[in-house]
Amino acid sequence: MESTEGQRENSDRALVEELRRENEALRRRVAELEVPARRFRSLFDAGIVSIQVLDPQSRTVEVNAGFERIWRLRVEDLTGYLLLEDQQLVANGFMDRLERGFRCGEPVQLPTIRYDPGETDTIQRGTSRWVAGALHPVIGAEGEVCEAFMLHMDVGELKQSEEELRRQSEQLAAAVAERTAELEQKLRLIDEQQRAIAELSTPVLRLWDGVLALPLIGRIDGDRAARMLDTLLRAIADTSAEQVLLDVTGVPDMDQDAASHLSAAARAAALLGARCVIVGLSARAARTLVDLGLDFEGVARFANLQEGLRDAFAQRRRPALDEAPRRAP
């Protein structure tokens with residue numbers, strides 16, 4: 001009898017000890033679970049991030065203050081709304097990701113979009129926002145999706161900054177394009193002025209029928225000599241000139257290069273049938289040419305334009321006198 005009672009007491013003590021151990025294990029497990037629960041509740045209640053709790057069918061179960069602040073909506077306003085039937089998400093091409101999240105339990109990151117709840121048939125309220133979203137499924141004991149958290153971050157200020165930066169970039173690009181066009185116009189004007197100055201620096205004057213004068217002022221360098229020769233030959237061809245006076249009165253220094261350019265011009269004019277003479281050669285320039293051992297071979301020279309004109313007219317009359325019939329003896 002006592003033995004049976006003792007066995008029963010031992011059995012009861014063992015059961016109590018087992019229950020105590022299980023109770024302790026459950027408490028430890030509850031304590032372990034309380035940590036992530038407190039973390040989630042702290043995040044949920046803080047409202048810094050918009051959190052939307054969804055059931056496996058994508059119906060909204062709960063929202064936090066962050067959701068209400070961003071969208072100006074409460075959980076009661078989402079009655080009948082299914083995330084997986086939102087046509088705005090379909091239009092943005094994200095629905096396949098969300099479906100995979102609910103079906104396979106995969107976390108989903110959504111690109112930044114401008115979302116407007118007022119355009120959704122089942123809501124028709126709320127405010128539009130630029131948001132970045134993410135879906136985090138919660139997996140149950142059997143590996144199924146038992147709920148999901150939809151997170152939204154309001155990036156409107158950042159997006160507005162990007163838009164403002166884009167507008168400023170476009171305005172800057174437009175200003176640069178406008179300034180570039182102005183500079184190009186000024187460069188064209190300068191180029192035209194330079195061409196006009198170049199033409200004025202080598203003017204060919206028609207003094208008489210068949211008689212041209214090319215007054216030169218300043219230094220005769222290679223570029224100017226090329227323009228001078230081109231202008232002179234074009235004028236000879238256009239007027240059928242027979243006499244050309246190269247007036248060097250305004251040339252301060254007659255060096256070897258200048259003399260070579262003038263000699264080349266005289267030879268080129270001769271090829272077109274025009275006779276060139278040089279007028280206005282100063283005593284200083286003449287002495288310089290003598291010191292350099294240079295000479296305008298075959299080119300007549302006169303002290304001034306008046307003497308050169310007198311010679312040109314004489315040359316024009318000479319063919320007529322040579323062709324006049326002689327009197328019979």
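Within the range 30-54, restricting attention to residues that are at pLDDT below 80 and among the charged types (D, E, K, R), which residue is farthest from Val155 (Cα to Cα)?
Glu32
Among the residues of the range 52-67, write down those that are part of a helix (DSSP H, G or I) and surrounded by fewer than 16 Cβ atoms within 10 Å (Cβ to Cβ).
Step one: of the range 52-67, the residues part of a helix (DSSP H, G or I) are 65-67.
Scanning the range 52-67 gives a single hit, Ala65.
Please count how many residues of the range 253-283 are surrounded by fewer than 21 Cβ atoms within 10 Å (Cβ to Cβ) and under 20 Å from Gln306 (Cα atoms).
The total comes to 3.
What do you reckon, is Arg206 modelled with pLDDT of 80 or more, in the same structural domain as Asp238 (by TED's automatic domain parsing) and either within 28 Å of the chain's Cα centre (by Cα) or among the basic types (Lys, Arg) (or both)? Give the steps one after another, and end with the answer.
Numbers: modelled with pLDDT of 80 or more: yes; in the same structural domain as Asp238 (by TED's automatic domain parsing): yes; either within 28 Å of the chain's Cα centre (by Cα) or among the basic types (Lys, Arg) (or both): yes.
Criteria met by Arg206.
For the range 117-142, give me each residue that is surrounded by fewer than 16 Cβ atoms within 10 Å (Cβ to Cβ), closer than 15 Å to Leu78 by Cβ and touching a helix residue (DSSP H, G or I) at 6+ places or on another chain (Cβ under 9 Å).
Of everything in the range 117-142, those that are surrounded by fewer than 16 Cβ atoms within 10 Å (Cβ to Cβ), closer than 15 Å to Leu78 by Cβ and touching a helix residue (DSSP H, G or I) at 6+ places or on another chain (Cβ under 9 Å) turn out to be Glu119, Asp121, Thr122, Gln124, Arg125, Thr127.
Within the range 27-37, is there a residue that is closer than 30 Å to Glu68 by Cβ and not aliphatic (A, V, I, L, M)?
So in the range 27-37, the residues closer than 30 Å to Glu68 by Cβ come out as 33-37.
Narrowing the set further to residues that are not aliphatic (A, V, I, L, M) leaves 34, 36.
Checked against the condition, which is being closer than 30 Å to Glu68 by Cβ and not aliphatic (A, V, I, L, M), the range 27-37 yields at least one hit.
In the range 68-81, how many residues are outside any helix (DSSP H, G or I) and either of a type in the set (Ser, Thr, Tyr) or touching a helix residue (DSSP H, G or I) at 6+ places or on another chain (Cβ under 8 Å) (or both)? Working first, answer last.
Step one: filter the range 68-81 for residues outside any helix (DSSP H, G or I), giving 72-74, 79-81.
Checking the rest, the ones that are also either of a type in the set (Ser, Thr, Tyr) or touching a helix residue (DSSP H, G or I) at 6+ places or on another chain (Cβ under 8 Å) (or both) come to 73-74, 79, 81.
The qualifying residues number 4.
Just the residues that are surrounded by fewer than 21 Cβ atoms within 10 Å (Cβ to Cβ), out of contact with any strand residue (DSSP E or B) (no Cβ under 8 Å at 6 or more places or on another chain), more than 12 Å from Ala269 (Cβ to Cβ) and not acidic (Asp, Glu), please, taken from the range 199-249.
Of everything in the range 199-249, those that are surrounded by fewer than 21 Cβ atoms within 10 Å (Cβ to Cβ), out of contact with any strand residue (DSSP E or B) (no Cβ under 8 Å at 6 or more places or on another chain), more than 12 Å from Ala269 (Cβ to Cβ) and not acidic (Asp, Glu) turn out to be Leu200, Trp208, Arg219, Gly222, Arg224, Ala225, Ala226, Arg227, Ser240.
For the range 31-51, state whether one or more residues are in a helix (DSSP H, G or I), closer than 14 Å to His136 by Cβ, over 43 Å from the mean Cα position of the chain (by Cα) and basic (Lys, Arg). Please lay out each step first, then the result.
So the first thing to find is which residues in the range 31-51 are in a helix (DSSP H, G or I), and the list is 31-46.
Applying the additional criterion that residues be closer than 14 Å to His136 by Cβ yields 36, 39-40, 43-44.
From what's left, over 43 Å from the mean Cα position of the chain (by Cα): 36, 39-40, 43-44.
From what's left, basic (Lys, Arg): 39.
Scanning the range 31-51 turns up at least one residue that is in a helix (DSSP H, G or I), closer than 14 Å to His136 by Cβ, over 43 Å from the mean Cα position of the chain (by Cα) and basic (Lys, Arg).
For the range 277-288, state whether one or more residues are among the charged types (D, E, K, R) and in a helix (DSSP H, G or I). If you could, list the steps in order and put the result at the bottom.
Taking the range 277-288 as the starting set, the residues that turn out to be among the charged types (D, E, K, R) are 284, 287.
Keeping just the survivors that are in a helix (DSSP H, G or I) gives 284, 287.
Checked the range 277-288: at least one residue is among the charged types (D, E, K, R) and in a helix (DSSP H, G or I).
Keeping to the range 121-145, report how many residues are closer than 18 Å to Val53 by Cβ and of a type outside the set (Asp, Glu). Break it down stepwise before answering.
Within the range 121-145, the first condition is being closer than 18 Å to Val53 by Cβ, and the residues that meet it are 122-123, 126, 131, 133-140, 144-145.
If we keep only those that are of a type outside the set (Asp, Glu) too, we end up with 122-123, 126, 131, 133-140, 145.
Final tally of qualifying residues: 13.
Taking Asp86 and the conditions (1) under 19 Å from Pro56 (Cα atoms); (2) within 38 Å of the chain's Cα centre (by Cα), which numbered condition does it fall short on, given that it satisfies the others?
(2)
For the range 10-17, indicate whether the set of residues that are hydroxyl-bearing (Ser, Thr, Tyr) and either part of a strand (DSSP E or B) or outside the structural domain of Leu135 (by TED's automatic domain parsing) (or both) is non-empty.
No.
Can you tell me which of Ala174, Ala148, Ala141 is of a type outside the set (Ser, Thr, Tyr), assigned by TED's automatic domain parsing to the domain that holds Val53 and modelled with pLDDT under 85? Write out each step before concluding.
Values: Ala174 fails: assigned by TED's automatic domain parsing to the domain that holds Val53; Ala148 fails: modelled with pLDDT under 85.
So the residue among Ala174, Ala148, Ala141 that is of a type outside the set (Ser, Thr, Tyr), assigned by TED's automatic domain parsing to the domain that holds Val53 and modelled with pLDDT under 85 is Ala141.
Within the range 224-237, is even one residue modelled with pLDDT under 80 and either of a type in the set (A, V, I, L, M, F, W, C) or not assigned by TED's automatic domain parsing to the domain that holds Ser282 (or both)?
no
The values are calculated or read from the model by the stated rules, or taken from the named source; none is laboratory data. Since we're looking at a predicted model, the values are computed, not measured. Every residue, glycine among them, receives a Cβ derived from its backbone with ideal geometry; neighbour counts consider all protein chains shown.
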